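K.L.:
My questions will all concern the structure given below.
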Amino acid sequence: MQLMSWRSGALASVVCLAFALAAAARAQAPLLDVVRTVAGPDVPVPVEHSFSVAAAGTYHVTLTDLGSQLTPPAPLSAVQMAVTSGSAIVGTPLAAPGTQTFTATAAGDYIIHVVATLTPPPPGSPPIGAIGIKVTDANDNLLDTFSDTLAPPAASVPNGAGVVSGSFQVPASGNYQITLSDLGFPQTLSTLTLIIVQEGQANPVTVLPGGTNPVALQASPPPPAAPIIYDIFAVGASSASPAAGLYSVAVAPVGGGASVFTRTTAVGAVGLLGSPALKAQAYTLTLSDLGNPTPLTQLGALIALDGQAVAQLTAAGNQGFAGTANTYDVFAIAEPAAGGAGSYALALQPAAGPIPLSVARAVSAAGGPSAYSFDANITTAGSYSVNLADFAYPSVFSSMSAAVVQSGAPIGKGLAAPGSTSVSLAAGPASILVFAQPGAGGGLFGLDLTQSGANAPTFAATQGVGQLFDLQRVTVVNSGSYQVTLQDLDFPVAFANLTVFVARGSARIGTTFGGGAYSFQATPGTYDVNILAQPAQGSAFEAGTYAMTVGAGPGPPTVKLTSSGTNVLSGSTVTLTWTTQNATSCTASGGWSGAQPVNGSFTSPALTTQTTFTLSCSGPG
């Protein structure tokens, strides 16, 4: 009698161990489930709002163009609206202002997506539009309302524009004063206009300048009556060089009392650096030009409280002011030389206690390298490595540099190209500045700050440059297999290019092209999911919509292989039987060979010597 043995080998124990790790990952809820509409850099940023319905039934979403009521009038040139549930469009999208009706098959969440093109504005006015949206049930009961301004991204708005879009309610009926103030930082605005509309009404309550002020506003009736909500839109624009400015909007009772709406808004090159909560003590505003890579031609900062300036610098330096227990807005303007780039640091130094704001910012002029600023909180002092990676997708950067700034000064030598360097940091806020010149097709870089001896970075980020990258961030709690699923919803048209690139700081995890699913192994930490969503060229709206989920991926494959016998007479045969889980292909070796199905049976040839049968199976996990 001859001996025949079978085995799955050491691989079986490894596969079983991997299956246990994947089971922990599958127990989690999805890490990310988003539906997003994105558009090109020269068209209005798409509007998105979510709402919920409590029961199955018929619902209506009404889209109104309010731009004709602005001063000067700014009606939309074209507009489309779609409603999505999960990864599906429900109902028939609107191709113009009006009402879309859809049927909800069950209670759940829905998302409204609006894309638009703008009518060319009069000379000196910014391209801007205004819309109102309301959601009602079959009995015309109001479920939700929204108001929005439509404008290109701030970086590409001609004449430098800043918009306010919001809503408010009043606690008591009466007369209210609307204050629209130009703060003159760094110069007077060329255009400043405002409109207030009661939701559900066609005519505005007031338009400034030139309208009624103060105005009579009515407080909401008690429930169950629908609340009275007022939508407020304001537009400020600068035609000076540099295009920049700052203005505030406030609505308050005529007889005194707390404001029901207050907003301070930056225009053009002015940026909001933060809104720190201060205490009742003395503070010093400190502003410095870092000279990296070259000195700035203009630098200034302003601190505002309730729409009024409390401290201001028109150049690098220091200024003290008395703080109160309030939340302040901190703004700055920085202009590099033509075609160049620069950087600056700003801090609020308190008389006692921790620093509420300390940041550095990189800026770039037209034609210069792209400038990016990242803020990190260093909890433990020590030695850190700064890692900068060029992912060479979709093309290689022609130049890249990075510098770490803490307490208003550069730390270490920085990086003049992708790579790594060490810096010694104190506990507290730090900023990382990156200047990157992309190739013709744009680029993607990764950045992380990791303490010496640590297994995970203290700070990590990825950044797309020169292409339409949309960034989503996910946090993994349990080690295991995870899967990204991407779908093009073809609203308003299909994308020309749709790609997912997963990274963790400077480490590339993987890429999938054209949608579909991509699986990756992850350990606990934060991961960046970069979507290159490039709208089709020549489409009227230069926009598209994708649906993406990130959740537990398929588990590692397992295989169970059995034989009808382990000892047989010489010349006899055995029958092998096997089953798998999470496998998509299997390959035989040893006493048999070739591709095998993922589940099946096989009768061996006549056996005359000891024979080993091995089956190796693989799958997405």
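The values are calculated or read from the model by the stated rules, or taken from the named source; none is laboratory data. Note that the coordinates shown come from a computational prediction; the quantities given were computed from them, not determined experimentally. Here the Cβ is made from the backbone with ideal geometry for all residues, glycine too, and neighbour counts use every protein chain on show. These accessible areas exclude ligands, DNA and RNA; they are computed on the full protein's heavy atoms, side chains included. Shrake-Rupley method; radii C 1.70, N 1.55, O 1.52, S 1.80 Å.
K.L.:
Going by a ≥ b ≥ c, the root eigenvalues of the Cα gyration tensor, does the stretch 480-615 fall in the rounded group (a/c under 1.5), the prolate group (a/b larger than b/c) or the oblate group? List each step's numbers first, then the result.
P.N.:
Details: a/c = 4.37, a/b = 2.87, b/c = 1.52.
Because a/c hits 1.5 or more and a/b exceeds b/c, the stretch 480-615 counts as prolate.
K.L.:
Quick check for you: with a 1.4 Å probe and neighbouring chains kept, what is the accessible area per residue of the stretch 368-501, in Å²?
P.N.:
Numbers: 5170 Å² over 134 residues.
Ligands and nucleic acids excluded, the figure is 39 Å² per residue.
K.L.:
Still on this structure, I have one more. Using only Cα atoms and rounding to the nearest 10 degrees, what angle (0 to 90) does helix 10-26 make with the longest principal axis of the chain?
P.N.:
The angle comes out near 30 degrees.
K.L.:
Need one word for the stretch 231-363: rounded, prolate or oblate. Basis is the Cα gyration tensor (sqrt eigenvalues a ≥ b ≥ c); a/c below 1.5 gives rounded, then a/b vs b/c decides. All intermediate terms of the calculation are to be shown ahead of the outcome.
P.N.:
Working: a/c = 2.71, a/b = 1.26, b/c = 2.15.
Oblate, since a/c reaches 1.5 and b/c is not below a/b.
K.L.:
Taking a cut-off of 15 Å between Cα atoms, list the aspartates and glutamates near K134, but don't count ones fewer than 8 places away on the same chain.
P.N.:
E48, D65, D144, D148, E199, D231
K.L.:
While we're on this one: Using the Karplus curve 6.51 cos²θ - 1.76 cosθ + 1.60 with θ = phi - 60°, what ³J(HN,Hα) values do you get for each residue of the stretch 391-404, in whole Hz, with x for Gly and Pro?
P.N.:
For the stretch 391-404, the Karplus curve yields 7, 6, 9, x, 8, 7, 5, 7, 7, 8, 8, 8, 9, 9 Hz.
K.L.:
Using just the alpha carbons, could you tell me how many Å³ per residue the convex hull of the chain encloses? Display every interim value, and only then the final one.
P.N.:
Working: hull volume 121.0 nm³, N = 621.
That works out to 195 Å³ per residue.
K.L.:
To continue, here is another question. Per residue, how much accessible area does the stretch 139-256 have with a 1.4 Å probe, in Å²?
P.N.:
42
K.L.:
Turning to a different aspect of this structure: Just to verify a number: FRET efficiency for A392 and T612, C-beta to C-beta distance, R0 = 51 Å, to 0.05? Don't jump to the answer; show the numbers that get you there.
P.N.:
Values: r = 45 Å, r/R0 = 0.89.
Calculated transfer efficiency: 0.65.
K.L.:
Tell me the carbon and sulfur percent of the accessible area for the stretch 29-113, rounded to whole percent, probe radius 1.4 Å. Write down the numbers at each step before the final one.
P.N.:
On the way: 1990 of 3600 Å².
Heavy-atom surface of the stretch 29-113 belonging to carbon and sulfur, 1.4 Å probe: 55 percent.
K.L.:
Return the long-range amide H neighbours of F397 (sequence gap of 5 or more, or a different chain), with a cut-off of under 5 Å between placed amide H atoms.
P.N.:
A392, G439
K.L.:
Using only DSSP helix segments of four residues or longer, with each worth -39500 (n - 2.57), what per-residue ellipticity at 222 nm results for the chain after dividing by its residue count and rounding to 500?
P.N.:
Numbers: 1 runs with 17 residues, N = 621.
Using -39500 (n - 2.57) per qualifying helix, the result is -1000 deg cm²/dmol.
K.L.:
May I pose another question? Just the number, please: carbon plus sulfur as a percent of the accessible area of the stretch 320-369, 1.4 Å probe, no ligands or DNA/RNA counted.
P.N.:
Roughly 55 percent of what the probe reaches on the stretch 320-369 is carbon or sulfur.
K.L.:
For the stretch 34-95, what is the accessible area per residue in Å² when the probe is 1.4 Å?
P.N.:
Details: 2420 Å² over 62 residues.
Value for the stretch 34-95: 39 Å² per residue.
K.L.:
Additional query: Classify the stretch 311-440 from the C-alpha gyration tensor, please: rounded if a/c falls under 1.5, else prolate or oblate depending on whether a/b exceeds b/c.
P.N.:
Numbers: a/c = 2.66, a/b = 1.45, b/c = 1.83.
Cα axes put the stretch 311-440 in the oblate bin.
K.L.:
Same structure, new question: Check F185: other-chain or 5+ apart residues with amide H under 5 Å from its amide H, H built from backbone geometry?
P.N.:
Excluding prolines and chain starts, which carry no amide H, the hits are L246.
K.L.:
Find the Cα radius of gyration of the stretch 169-246, compare it with 2.2 N^0.38 Å by division, and give the number to two decimals. Intermediate results must be reported in sequence, preceding the final value.
P.N.:
Details: Rg = 15.7 Å, N = 78, 2.2 N^0.38 = 11.5 Å.
Output field value: 1.36.
K.L.:
Calculate what fraction, in whole %, of the accessible area of the stretch 148-247 sits on carbon and sulfur atoms when a 1.4 Å probe is rolled over the protein chains.
P.N.:
Working: 2100 of 4080 Å².
Heavy-atom surface of the stretch 148-247 belonging to carbon and sulfur, 1.4 Å probe: 51 percent.
K.L.:
Something else now. Only Cα pairs under 8 Å and at least 6 apart count here; give the relative contact order of the chain as a rounded whole percent. Don't skip to the answer; put the middle values down first.
P.N.:
On the way: 1778 pairs, mean separation 83.0, N = 621.
It rounds to 13 percent for the chain.
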